[in-house]
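A.B. asks: First, the structure itself, so that you have it in front of you.
Values in this text are rule-based calculations from the coordinates and carry no lab data. Because the structure is a prediction, the values reported are computed rather than measured. Positions of Cβ are backbone-derived with ideal geometry, glycine not excepted, and every protein chain shown enters the neighbour counts.
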Amino acid sequence: MGKKVFLALSVFFLLYACEAKQQSGQKKEIAEQTQENIKFKMLVQDVKIINQKEETRKASLQDKLNLHDKITTGKSSFALITWGLKSTFKLGANSLLELKNIANHFDGQLVEGSASFKVSSLKPNESLKIRTLLAVVGVRGTSFKVSVSQNQTRVCVSQEKVEVSSLKEPEKTIAITPGQAVEVIEKEEGMGLF
């Protein structure tokens, strides 16, 4: 009886160890895909990366961008960044973008400055959100620009449609079409569409 219990426990632990190793391999594969999913296409002048440990380094085209990296640009500088196969972001001068999620669901926090986005049609399991201190911009496939200052966020759309919501009133969403812009201002309630 003791040998049967020992044999059963041995088989259980062996199966458990194999499953844990397989899951570990899957997590590593996902992490590697994530790093390859977002990269620099062009860097002009002063572009830096601040990693999760708050270490700063000069950006290069060979850099792998990671979750929670912050990309900063200096005066007269910009960074062209690709996400996935067809989406491109241009981070303007004097800007800061933090990468909150970079897998199938891109989530970036534009802390200051401006960024232009050209987003290809996303697959059903993909999404893209750009956050600021005041607003959230949700995208499916379009071309738009987000500008941030201390007390306002401005979103301008050039193609397709973008949805914007205020962080104060997330249940209220405004759809913006080409030629329209929306401004979210901290001092006022809600958003103004013009």
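A.B. asks: If you place +1 on the Cβ of every Lys and Arg, -1 on the Cβ of every Asp and Glu, and leave all else neutral, what size is the dipole of the stretch 40-127 about its Cα centre, to the nearest 20 Debye?
C.D. replies: 260 debye
A.B. asks: Hey, which of these cross-link pairs are over 25 Å Cα-Cα: Lys64/Lys168; Lys58/Lys100; Lys64/Lys118; Lys41/Lys168; Lys100/Lys168; Lys53/Lys161?
C.D. replies: Values: Lys64/Lys168 34 Å; Lys58/Lys100 20 Å; Lys64/Lys118 21 Å; Lys41/Lys168 35 Å; Lys100/Lys168 20 Å; Lys53/Lys161 37 Å.
Where the Cα-Cα span goes over 25 Å, the pairs concerned are Lys64/Lys168; Lys41/Lys168; Lys53/Lys161.
A.B. asks: For a quick check: with amide H placed at 1.01 Å from N, whose amide H comes under 5 Å from His105's, ignoring anything fewer than 5 positions away on the same chain?
C.D. replies: Amide H neighbours of His105: Ser127.
A.B. asks: Taking amide hydrogens as modeled 1.01 Å from N in the peptide plane, which residues meet the under 5 Å criterion relative to Val139, leaving out close sequence neighbours?
C.D. replies: Leu128
A.B. asks: I want the local charge near Gly108. Using Cβ-Cβ distances under 11 Å, sum +1 for each Lys or Arg and -1 for each Asp or Glu among the other residues. Can you show the working numbers first?
C.D. replies: Values: positive: Lys70, Lys100, Lys129, Arg131; negative: Asp69, Glu98, Asp107.
Net charge around Gly108: +1.
A.B. asks: Once the other residues with Cβ under 12 Å from the Cβ of Val164 are scored (Lys, Arg +1; Asp, Glu -1), what is the net sum? Walk me through the numbers on the way to the answer.
C.D. replies: Working: positive: Lys129, Arg131, Arg154, Lys161, Lys172; negative: Glu163, Glu169, Glu183.
Local net charge: +2.
A.B. asks: Shifting gears a bit: Extent of the stretch 94-159 along each principal axis, from alpha carbon coordinates, in Å, largest to smallest?
C.D. replies: 34, 25, 18
A.B. asks: Return the sequence-ordered ³J(HN,Hα) values of the stretch 113-121 in whole Hz as given by the Karplus equation 6.51 cos²θ - 1.76 cosθ + 1.60 applied to θ = phi - 60°, using x for Gly and Pro.
C.D. replies: Karplus values, whole Hz, x for Gly and Pro: x, 9, 8, 10, 10, 10, 10, 6, 4.
A.B. asks: Return the sequence-ordered ³J(HN,Hα) values of the stretch 58-71 in whole Hz as given by the Karplus equation 6.51 cos²θ - 1.76 cosθ + 1.60 applied to θ = phi - 60°, using x for Gly and Pro.
C.D. replies: Rounded to whole hertz, the list is 5, 6, 9, 5, 8, 4, 9, 8, 10, 3, 6, 5, 10, 10.
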